[in-house]
Amino acid sequence: MTPELLEGRLVTFAVRIVRLSPRLGTSLAERHVADQVLRSGTAPAPHYAEARSAESRADFIHKLRIAVKELNETSIWLRIIAEGEMLKPELLNGLLSECDELKRILGAAIRTARLRAVGASQANKR
């Protein structure tokens, strides 16, 4: 997957979260969950954009790790919404699976960057 396509998927995911959050109810608990899922669900796209212009490989990995952490948090909030029956299940269709897939993709990118870092440091020792 190209970096542009991945960034597009992250932006689309964020937009879906933005559209989902106002559909939660108005109780204190529902507002809290809405605020949290909105914050964590929209953060990965800008973190990935920052990673793409990282100043070093370590900075790149760090920013990707933050994006994955935000996706992990989003996954938990989506599960709370689903299990708490705060929204109709069809409104959550595909969001959890897309979140999990994005985590796997970013995790693979982190592993690749780490392997390249090790390879580069070994090549410099020769």
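Descriptive notes on the structure:
- Residue match in segment 32-45 (condition: part of a helix (DSSP H, G or I), modelled with pLDDT of 95 or more, within 10 Å of the chain's Cα centre (by Cα) and hydrophobic (A, V, I, L, M, F, W, C)): yes
- For segment 1-15, a tally of residues being within 21 Å of GLU90 (Cα to Cα) and out of contact with any helix residue (DSSP H, G or I) (no Cβ under 6 Å at 6 or more places or on another chain) returns 3.
- Inter-residue pairs, beta-carbon under 7 Å, first more than 14 Å from ILE66 (Cα to Cα) and in segment 98-112, second surrounded by 14 or more Cβ atoms within 10 Å (Cβ to Cβ) and modelled with pLDDT under 95, 6+ apart: none
- Taken over segment 70-93, the residue count meeting the criterion of being closer than 15 Å to ALA14 by Cα and modelled with pLDDT of 95 or more is 8.
- Selected residue (criterion: farthest from PRO46 (Cα to Cα)) from residues of segment 94-126 that are of a type in the set (D, E, K, R) and at pLDDT 95 or above: ARG111
- Among the residues of segment 58-67, just one is of a type in the set (A, V, I, L, M), within 12 Å of the chain's Cα centre (by Cα) and surrounded by fewer than 19 Cβ atoms within 10 Å (Cβ to Cβ), namely ILE66.
- Residues that are outside any helix (DSSP H, G or I) and surrounded by 13 or more Cβ atoms within 10 Å (Cβ to Cβ) within segment 1-31 comprise just one, LEU24.
- Residues satisfying the stated conditions in segment 13-53, i.e. without any contact (Cβ under 8 Å) to a residue 24 or more places away in the chain, of a type in the set (Ser, Thr, Tyr) and closer than 16 Å to SER75 by Cα: SER21
The values are calculated or read from the model by the stated rules, or taken from the named source; none is laboratory data. For clarity, every value in this text was computed on a predicted model and none was experimentally measured. Glycine gets a Cβ as well: all are built from the backbone with ideal geometry, and neighbour counts include every protein chain shown.
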